[in-house]
Amino acid sequence: MAQERKMDTPTELETFITGLPKAELHLHIEGSLEPELMFTLARRNRLDLPFKTVEELRAAYNFSNLQDFLDIYYAGAQVLRTEEDFHDLTLAYFARAAADGVLHAEIFFDPQTHTDRSIPFAVAADGILAGMAAARTRYGVTSELIMCFLRHLDEEAAFTTFRAAEPWLDRIIGVGLDSSEAGHPPQKFARVFAAAGAAGLKRVAHAGEEGPAAYVWEALDVLHIDRLDHGNRALEDPALVARLAASQMTLTVCPLSNFRLCVVPDMNLHPIDTMLAQGLRATINSDDPAYFGGYIAENFKAAAFGRNLNKAQLIQLARNSFLGAFLDAATQADYLRRLDGFATFP
Ligand code: ADE
Ligand code: ZN
């Protein structure tokens, strides 16, 4: 008699998701600043916050769109003053990531958010890099750093940042583009991305989060990106989907962020499974977990329960994260073997 396949209970699926070896490819380190740490750093740096309690602060995390969020996110980042602050922020993120089965993370930081308030590039970069090194020792998680240009500022400001980063370029794997998307097309940063490419850096860009599919085309054809951050609105353009699928471009999709920023109206309507079905190399990531209600495993769970994903789809998403990471071939093969071992005997 054929054995009936046992369904996984929700708890079993959650345990499976947490243990699933994975890479995180879309994480703004400033977006991992938990309210508790924000208060600790405000106290440490003798700063006043416009909120009396953690609960009051969390209650303000109610966003209608990307800009609503960015206003609060940039305000929150102001408590980051010293190298130690950036180190503590980074190590706190990696503690969460390691607990969520992350073997490797490629994290963003926004240097201009700090240099524009007179915190030197070195303070942010050295603090984050020290946190990444400590995380490697403490949790065994490998990582890379990507510096993002703020697209609401002009290209000259991006060039100033790129020049300031010069002494760190051996420890920065790539450049990215983030902040307010609408009205700030990728084209605006064509020359600075060309300079970054010439310097041997990887190139990634947020596109198609709120902005149109045309911005994704520009990110591909003008910025020559190696990876696409978000990319949701690419689904509106079948020719673009075909191009992304044929080139196996990695999309760093962020389900809870999409829901909290009203990019999707409901998790039941998230397009993650449509992306996989259309042959896109989609991955799941947490974007700004302190603001959006959860780290990477929570994002996997929200997608899994919202869209009724099966284990094969979850494994595919994890596999895509290692395929899309900027890893050397040997490390990538090692991580893929660990994933295969887990998928066979979870
Ligand atoms: N900066 C931090 N999170 C962002 C997001 N989701 N989109 C654009 N810029 C960001
Ligand atoms: Zn992002």
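Report the Cα centroid-to-centroid distance between the range 1-69 and the range 310-327 in angstrom, as an integer.
21
In nm, give the distance between the simple-model label positions of Asp116 and Arg138, each being 7 Å from the Cα along the Cα-to-Cβ direction.
Here the modelled spin labels are 3.0 nm apart.
On full extension of the chain, what length is gained from Gln248 through Asp328, given 0.36 nm per residue of separation minus the C-alpha to C-alpha distance?
Values: separation 80, 0.36 × 80 = 28.80 nm, distance 1.78 nm.
Full-extension gain reported as 27.0 nm.
Expressed as a whole percentage, what fraction of the accessible surface of the range 170-257 belongs to carbon and sulfur atoms when a 1.4 Å probe is rolled over the protein heavy atoms?
Summing carbon and sulfur atoms, their accessible area is 55 percent of the total for the range 170-257.
What lysines sit close enough to Lys52 to cross-link, taking a C-alpha to C-alpha distance under 16 Å and skipping anything fewer than 8 places away on the same chain?
Straight-distance partners of Lys52: none at all.
Which distance in nm do the two modelled labels at Ala157 and Thr274 give, with both placed 7 Å along the Cα-to-Cβ direction?
That separation, rounded to one decimal, is 3.4 nm.
On a C-alpha basis, how far is the centre of the range 96-162 from the centre of the range 281-302 in Å? Whole number, if you could?
18
Counting only residues 5 or more places away or on other chains, whose amide H sits under 5 Å from the amide H of Leu49 once H atoms are built in the peptide plane?
Result for Leu49 returns nothing.
Given a Förster distance of 35 Å, report the FRET efficiency between Ala59 and Ala98 from their Cβ-Cβ distance, rounded to the nearest 0.05.
The value I calculate is 0.75.
What are the extents of the Cα atoms of the range 1-101 along their three principal axes, listed from largest to smallest and rounded to whole Å?
Principal axes ranked by extent give 71, 31, 23 Å for the Cα atoms.
Sorted from largest down, give the three principal axis spans of the alpha carbons of the range 242-297, whole angstrom values.
34, 18, 16
Which FRET efficiency, nearest 0.05, do Arg46 and Glu166 yield, Cβ-Cβ r, R0 30 Å?
Efficiency computed from Cβ-Cβ geometry: 0.35.
Could you tell me the ratio Rg/Rh of the range 251-341? Both radii from Cα atoms, Rh via Kirkwood. Mind showing how you got there, number by number?
Working: Rg = 13.3 Å, Rh = 13.5 Å.
So for the range 251-341, dividing Rg by the Kirkwood Rh gives 0.98.
What does the convex hull of the Cα atoms of the chain come to per residue, in Å³, rounded to a whole number?
Hull volume normalised by residue count: 139 Å³.
Where in the range 51-96 are there trypsin sites (Lys or Arg not before Pro) that are in a DSSP coil and have at most 10 other Cβ atoms within 10 angstrom of their Cβ?
Taking the range 51-96 and a limit of 10 other Cβ atoms within 10 Å, the loop trypsin sites (Lys or Arg not before Pro) found are Lys52.
At 1.4 Å probe size, with every protein chain present, just tell me what the per residue accessible area of the chain comes to in Å². Can you show the working numbers first?
On the way: 14030 Å² over 346 residues.
About 41 Å² of surface per residue is accessible.
Report, in cubic angstrom per residue, the convex hull volume of the C-alpha atoms of the range 150-209.
It is 75 Å³ per residue.
Using only helices, what value at 222 nm comes out for the chain when you add -39,500 (n - 2.57) per DSSP H run of length 4 or more and divide by the total residues, to the nearest 500 deg cm²/dmol? The partial results should precede the final answer.
Details: 17 runs with 173 residues, N = 346.
The helix contribution divided over the chain gives -15000 deg cm²/dmol.
The values are calculated or read from the model by the stated rules, or taken from the named source; none is laboratory data. A quick note: this is a predicted structure, and the numbers were derived from the prediction, not measured. Every residue, glycine among them, receives a Cβ derived from its backbone with ideal geometry; neighbour counts consider all protein chains shown. In case anyone asks, the SASA skips ligands and DNA or RNA and just uses the protein heavy atoms, side chains included. Shrake-Rupley method; radii C 1.70, N 1.55, O 1.52, S 1.80 Å.
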